[in-house]
Amino acid sequence: MDARDVILSPRITEKSMANAIGTQYTFVVHPEATKTQIRHAIEEIFGVNVLNVNTVNVRGKVRNFARRGTRTSGKQSDFKKAIVTLKPGQKIELGGVNYFEQ
């Protein structure tokens, strides 16, 4: 897999923004990507040194909807996220803008 195929997008939430004040960044990754593939992809794309990679398989939630008088249910997509810890003093900037620091 190519590095751009492994890392799908940054995961920007309140919790990930709070962790980014330190040196942890959260990304949505390919469901079959391994920790070493994620490490090499982050180092190649952003030019930083990765200390640790933690991965979580997140199951999609089941939602109920009421449409035109009938109740239906649906399911959100499953995804895999990676929490990447960088060496102290390093940070990631996306497109010249650091989305992780406010």
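Show the residue pairs meeting these rules: Cβ distance below 6 Å; 6+ apart or different chains; first residue within the range 85-98 and β-branched (Val, Ile, Thr); second residue at pLDDT 85 or above and part of a loop (DSSP other than H, G, I, E, B).
85/23
Taking the conditions exactly as written (modelled with pLDDT of 95 or more, in contact with a helix residue (DSSP H, G or I) (Cβ under 9 Å, 6 or more places away or on another chain) and within 17 Å of residue 7 (Cα to Cα)), does residue 45 satisfy them or not? Please lay out each step first, then the result.
On the way: modelled with pLDDT of 95 or more: no; in contact with a helix residue (DSSP H, G or I) (Cβ under 9 Å, 6 or more places away or on another chain): yes; within 17 Å of residue 7 (Cα to Cα): yes.
Judged against the criteria, residue 45 is not a match.
So if I check each of 13, 26, which one is out of contact with any Cys (no Cβ under 9 Å at 6 or more places or on another chain), within 11 Å of residue 82 (Cα to Cα) and hydroxyl-bearing (Ser, Thr, Tyr)? First the steps, then the outcome.
Values: 13 fails: within 11 Å of residue 82 (Cα to Cα).
So the residue among 13, 26 that is out of contact with any Cys (no Cβ under 9 Å at 6 or more places or on another chain), within 11 Å of residue 82 (Cα to Cα) and hydroxyl-bearing (Ser, Thr, Tyr) is 26.
Of the residues 3, 41, 33, 82, which is of a type in the set (A, V, I, L, M, F, W, C) and over 13 Å from the mean Cα position of the chain (by Cα)?
After applying the criteria, what remains is 3.
The values are calculated or read from the model by the stated rules, or taken from the named source; none is laboratory data. Just so it is clear, the structure is predicted and the values come from calculations on it, not from any experiment. Every residue, glycine as well, gets a Cβ built from its backbone with ideal geometry; the counts of neighbours run over all protein chains shown.
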